[in-house]
Amino acid sequence: MDKLRVLSGVQPTGNLHLGNYLGAIRNWVEGQSQYDNFFCVVDLHAITVPHNPQTLAQDSYTIAALYLACGIDLAYSTIFIQSHVSAHSELAWLLNCITPLNWLEGMIQFKEKALKQGQNVSVGLLDYPVLMAADILLYDADLVPVGEDQKQHIELTRDLVIRLNDRFGTKENPVLKLPKPLIRQEGARVMSLVDGTRKMSKSDPSELSRINLLDSPEEIAKKIKRCKTDPIKGLEFDNPERPECNNLLTLYMLLSGKTKETVAAECQDMGWGKFKPLLTETTITALKPIQDKYQEVMADKNYLESVLKAGREQAEAIANPILAKVKAALGYTQPL
Ligand code: TYM
């Protein structure tokens, strides 16, 4: 039987943080041998908020190199840059024309990001989930591994598939495949280091709120030393009164590879003075191989370019026929 297909992506807005890694990329790596995988650097999404043209290209390479450094294996997976495959923009336009405006206006991420932009909200920001739907649907993806915050976007993608198939396909011959989100419970929502009730995020103005995958040992030590805790001795998971405690224990559990039971037993009598150095050491050790591999990949630009060129070709081989199928279903003429 053919393998199920997976598609996912990350925006090239600066560095990746532990939320991106533990919520998404780590799961891509762990599952990759079971699936046929496409991982893109979603650079078209990166301009939905004001961006810097001087750094966009470099940031895209950084993310592609980090995919490899985190363990994405080209034997199982294709890595490519979204803007290199023009079918993404084209399908997004076609989907735009069947998407009710109020579906987009109700999206949580749009409302949150729009609030931060004030008067400067672009149509692209509103349209972000439609482009994301195009990313997924162009590959007939079965599964979309993401963090919890993307669940609503995948629900919208599913609603769009149902709407488009209903209007332009038949029961026996649907135009597009219905994808499912793949969200692991642990790590699906990594919280800020300065406020355990807020998500760790690239757009948080406080650098202290997140640990980036390329942070030096000194930066990691500083951020953990200054992270928010509470005055209670004895550390525990799942106490709603102690969101920081739950978040930091979860980070320790995921980065050390220990089970929840082991960590709960190990830390139940610990104070922060003992736990913080332990988390620091564990984080530095877990990120070291990723950082070493990243340096190796970045030192050979030709190699990275060859990966992205092959990736584009493999992506186009799947995406272009699916775009053609959608256009035919919508009644377009074939180019002569
Ligand atoms: P981005 O770049 O904002 O996030 C990339 C991935 O990281 C996850 N993530 C988190 N997981 C746990 N805790 C956090 N604090 C945290 N912060 C971020 C996100 O859920 C995501 O999986 N819209 C997507 C990019 C995208 C995409 C796609 C994803 C565009 N097209 C198609 C899947 C399929 C996003 O949020 O990127």
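The values are calculated or read from the model by the stated rules, or taken from the named source; none is laboratory data. Keep in mind it's a predicted model, so treat the numbers as computed, not measured. Using ideal geometry, Cβ is built from the backbone for each residue, glycine included, and neighbour counts are taken over all protein chains shown. When the accessible area is computed, the model is the full protein with side chains, heavy atoms only, and any ligands, DNA or RNA have been set aside. Shrake-Rupley method; radii C 1.70, N 1.55, O 1.52, S 1.80 Å.
Ignoring aspartates and glutamates fewer than eight residues from Lys111 along the same chain, the ones with Cα atoms less than 17 angstrom from its Cα are Asp127, Glu148, Asp149, Glu155, Asp204.
Just the protein heavy atoms count here, and of the accessible area of the range 28-159 at 1.4 Å, carbon and sulfur take up 53 percent.
Exceeding 30 Å between C-alpha atoms, which entries from my cross-link table qualify? They are Lys113/Lys223; Lys177/Lys293; Lys202/Lys258. List each step's numbers first, then the result.
Working: Lys113/Lys223 25 Å; Lys177/Lys293 36 Å; Lys202/Lys258 27 Å.
Violating the 30 Å Cα-Cα cut-off are Lys177/Lys293.
Scaling against 2.2 N^0.38 Å puts the C-alpha radius of gyration of the chain at 1.04. The residue among Phe237, Met191, Leu208 whose Cα reaches farthest toward the positive pole of the charge dipole of the range 177-336, with charges on the beta-carbon of Lys, Arg, Asp and Glu, is Met191. A simple rule links phi to the HN-Hα coupling: the Karplus curve 6.51 cos²θ - 1.76 cosθ + 1.60 with θ = phi - 60°, which for the range 196-207 gives x, 9, 10, 5, 5, 8, 5, 8, 5, x, 8, 4 Hz, with x for Gly and Pro. Run the numbers on the chain and let me know its relative contact order in percent, using alpha-carbon pairs under 8 Å that are six or more apart. Computed over the chain, the figure is 23 percent. Taking square-rooted eigenvalues a ≥ b ≥ c of the alpha carbon gyration tensor, is the range 242-336 rounded, prolate or oblate, where a/c under 1.5 means rounded and, failing that, a/b exceeding b/c means prolate? Here the range 242-336 falls in the oblate category. Taking every DSSP helix (H) stretch of at least 4 residues in the chain, weighting each as -39,500 (n - 2.57) and dividing the sum by the residue count yields a mean residue ellipticity at 222 nm of -16000 deg cm²/dmol. As a calculated quantity, the FRET efficiency between Trp93 and Asp159 at R0 = 22 Å, using C-beta atoms, amounts to about 0.75.
With R₀ fixed at 45 Å, the C-beta to C-beta distance from Val121 to Lys301 puts the FRET efficiency at about 0.80. Partners of Lys171 within straight-line reach, counting lysines whose Cα lies under 17 Å from its Cα and excluding those fewer than 8 residues away in the same chain: Lys325. The charge dipole of the chain, taken about the Cα centre with unit charges on the Cβ atoms of Lys, Arg (+1) and Asp, Glu (-1), comes to about 340 debye, rounded to the nearest 20.
With 0.36 nm allotted per residue and the present C-alpha distance subtracted, the Glu218-Leu336 stretch has 36.4 nm of extension available.
Counting only lysines at least 8 places from Lys225 when in the same chain, those with an alpha carbon closer than 16 Å to its own are Lys274, Lys276. Is the range 12-52 rounded, prolate or oblate when judged by the Cα gyration tensor, a ≥ b ≥ c being the square roots of its eigenvalues, rounded requiring a/c under 1.5 and prolate requiring a/b larger than b/c? Oblate, because a/c is 1.5 or more while a/b does not exceed b/c. Rolling a 1.4 Å probe over the heavy atoms of the protein chains gives the chain an accessible area of 48 Å² per residue. The local environment of Ala141, defined by Cβ-Cβ distances under 11 Å, has a net charge of -1 under the rule Lys, Arg +1 and Asp, Glu -1.
Does the range 211-252 come out rounded, prolate or oblate, given a ≥ b ≥ c as the square roots of the eigenvalues of its C-alpha gyration tensor, rounded meaning a/c under 1.5 and, failing that, prolate meaning a/b above b/c? Prolate, since a/c reaches 1.5 and a/b exceeds b/c.
Under 5 Å between amide hydrogens, built in the peptide plane, is the criterion, and for Thr78 it picks out Asn37, Phe38, Phe39 among residues at least 5 positions away or on other chains.
Each 5 Å bin from zero up to the one holding the largest Cα-Cα distance in the range 49-200 carries the following percent of pairs: 2, 8, 13, 17, 22, 19, 12, 6, 2, 0, 0. Against the chain, whose longest principal axis comes from its Cα atoms, helix 272-298 is set at around 40 degrees.
Loop-located trypsin sites (Lys or Arg not before Pro) in the range 84-181 (DSSP state other than H, G, I, E, B) with a sparse environment of at most 16 neighbouring Cβ atoms within 10 Å: Lys171, Lys177.
Inter-label distance, Glu112 to Lys309: 4.0 nm, where each label sits 7 Å from its Cα along the C-beta direction.
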